[in-house]
Amino acid sequence: MEVADVRRRLRAAIEETRRLADTRRAKKDSASREWERVLADVAVPACHQIAQALNAEGYRFNVVTPGATVRLVPERGGGEFVELALDTESDEPSVMIRSTRGRGRRTITSERALPERPAVDALTDTAIVTELIEELKPFLQR
């Protein structure tokens, strides 16, 4: 194989990598802009509704919004929470549900993407409420 052929193939690979990086960056920026809108218009109000319903049932939860996330935090606290956040580190940006809860001296942490990985701008309050309630079940066992 000639050196010129190797260089040509290498340049093509470099150019393809740059195009992919530009595409990934554009997806990330678009998803971040959409997440800001969904967070304010859909996710935070849905969390407030869940917190109100939990409080009415005797489970004291607060809603906090650190950074570009929304958290349901039990009043008894201790670092426990259920959180919705945008993950832009993977190839396709997705909304993640993270939870941390204590069990004696152990801390149990879980993280998962929303099922079917819907587009950020396609998230509905129904989907958010359904997934948050599912993630809250271990908190309700006490």
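Here are some notes:
- Any chance Phe81 is aromatic (Phe, Trp, Tyr) and touching a helix residue (DSSP H, G or I) at 6+ places or on another chain (Cβ under 6 Å): no
- Look at (1) more than 13 Å from the chain's Cα centre (by Cα); (2) closer than 22 Å to Asp29 by Cα and you find that Arg103 fails only one, number (2).
- Check on Arg18, basic (Lys, Arg), under 29 Å from Ala122 (Cα atoms), part of a helix (DSSP H, G or I) and at pLDDT 95 or above: yes
- Sub-9 Å Cβ pairs linking a first residue in segment 107-119 that is closer than 13 Å to Pro138 by Cβ and open to solvent by 70 Å² or more (accessible area, probe 1.4 Å) to a second residue that is modelled with pLDDT under 90 and of a type in the set (Gly, Ala, Ser), at least 6 apart or interchain, are Thr107/Gly79, ordered by first then second residue.
- Among (1) assigned to a helix (DSSP H, G or I); (2) in contact with a Cys (Cβ under 7 Å, 6 or more places away or on another chain) - the single one Glu134 does not satisfy: (2)
- Qualifying residue in segment 57-75 (condition: open to solvent by 50 Å² or more (accessible area, probe 1.4 Å), closer than 15 Å to Ile128 by Cα and without any contact (Cβ under 8 Å) to a residue 60 or more places away in the chain): yes
- Residues of segment 66-103 satisfying the condition of being more than 19 Å from Ala127 (Cα to Cα) and of a type in the set (Ser, Thr, Tyr): Thr88, Ser90, Thr100
- Residue that is modelled with the lowest pLDDT, among those in segment 38-56 that are surrounded by fewer than 13 Cβ atoms within 10 Å (Cβ to Cβ) and of a type outside the set (Gly, Ala, Ser): Asp41
The values are calculated or read from the model by the stated rules, or taken from the named source; none is laboratory data. The model shown is predicted, which means the values in this text are computed figures rather than measured ones. Cβ coordinates were reconstructed from backbone atoms using ideal geometry, including for glycine residues, and neighbour counts include every protein chain displayed. Ligands, DNA and RNA are stripped out before the accessible areas are found, and what is left, the full protein with its side chains, is counted by its heavy atoms. Shrake-Rupley method; radii C 1.70, N 1.55, O 1.52, S 1.80 Å.
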